[in-house]
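Everything below concerns the one structure shown next.
Each reported figure results from applying straightforward, stated rules to the coordinates on display, with no laboratory input. Remember, predicted model here, so these are calculated numbers, not experimental data. Positions of Cβ are backbone-derived with ideal geometry, glycine not excepted, and every protein chain shown enters the neighbour counts.
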Amino acid sequence: MTAPRINPSILSADFVNLESELARIASADLVHVDVMDNHFVPNLTFGPPVVERIQQVSPIPLDVHLMITGADAHAPAYAELGAYSVTFHAEAAEDPVALARRLREMGARAGIALKPGTSVARYLELLPEFDQVLVMTVEPGFGGQSFMPETMPKLRELRAARDRLGLDVWLQVDGGVSAETIGVAAEAGADTFVAGSAVYGGVPEDRIAELRAAARDH
Ligand code: DX5
Ligand code: ZN
């Protein structure tokens with residue numbers, strides 16, 4: 001497999017010290033930034049002004065995960081401020097393909113996210129339109145929840161479709177990813193791993209190294 005990508009989620013970081021919290025994850029591939037609107041999910045984080053400041057100070061490119069309604073209207077702002085990838089939820093976009101094309105035109109990688117209950121079937125043939133697919137392994141909204149292994153069949157379908165089509169689409173998991181669960185997701189086909197509490201719940205650089213090793217060893 002390709003080398004696993006480990007994207008720590010700053011949802012589990014200390015929000016009043018974000019710049020120094022970023023410095024604690026220097027070996028990360030990308031930094032995962034969770035935007036929540038208290039509408040698509042029952043939790044609220046921050047929006048473009050805060051993400052723009054994170055973008056300005058972060059030595060690591062941003063992997064923005066939008067848990068917001070009205071993605072068609074609001075997602076482009078995150079590409080505009082310089083996010084490396086912008087992932088919106090399939091359940092929150094009127095026209096996911098048009099939105100992904102717009103994000104790509106703006107220079108961002110375009111990602112589509114699926115809640116645990118959302119079927120992947122209709123997106124398999126649309127895979128060329130996206131740079132990454134995020135399979136949520138918890139109900140979105142909060143860190144520290146338990147990994148849902150019942151979402152793994154979706155990853156297997158995505159992995160098979162990706163390989164059949166010969167695409168370089170990244171397959172990402174988010175929620176409950178730890179040294180104990182990461183191997184299950186890697187085995188099912190994931191190559192990009194978001195981890196919040198598992199990284200910031202210990203010494204972040206040690207935790208990142210443990211996750212990377214566990215993903216490789218599955
Ligand atoms: C949850 C967020 C996740 C969250 C994961 O809705 O999308 O990115 O930070 O946290 P852990 O790794 O603690 O499950
Ligand atoms: Zn997330």
Sorted from largest down, give the three principal axis spans of the alpha carbons of region 69-145, whole angstrom values. 32, 29, 19
What distance in nm separates the simple spin-label points at Val203 and Thr2, each placed 7 Å from Cα in the Cβ direction? 3.1
Just add up the charged neighbours of Gly70: K/R +1, D/E -1, any other residue whose Cβ is under 15 Å from the Cβ of Gly70. -4
Please give the calculated 222 nm ellipticity per residue for the chain, where each DSSP H segment of at least 4 residues contributes -39500 (n - 2.57) and the sum is spread over every residue; nearest 500 deg cm²/dmol? -9500 deg cm²/dmol
Fraction in percent of alpha-carbon pairs per bin - 5 Å, region 23-121: 2, 14, 25, 25, 19, 11, 4, 1
How far is it, in nm, from the label point at Leu44 to the one at Glu80 when both lie 7 Å from their Cα along the line to the Cβ? 2.2
Which net charge results when you count Lys and Arg as +1 and Asp and Glu as -1 among the other residues whose beta-carbon is under 15 Å from that of Pro42? -3
Using every pair of alpha-carbon atoms in region 5-216, split the distances into 10 Å bins beginning at 0 and state the percent of pairs per bin, rounded to integers. 9, 38, 40, 13, 0
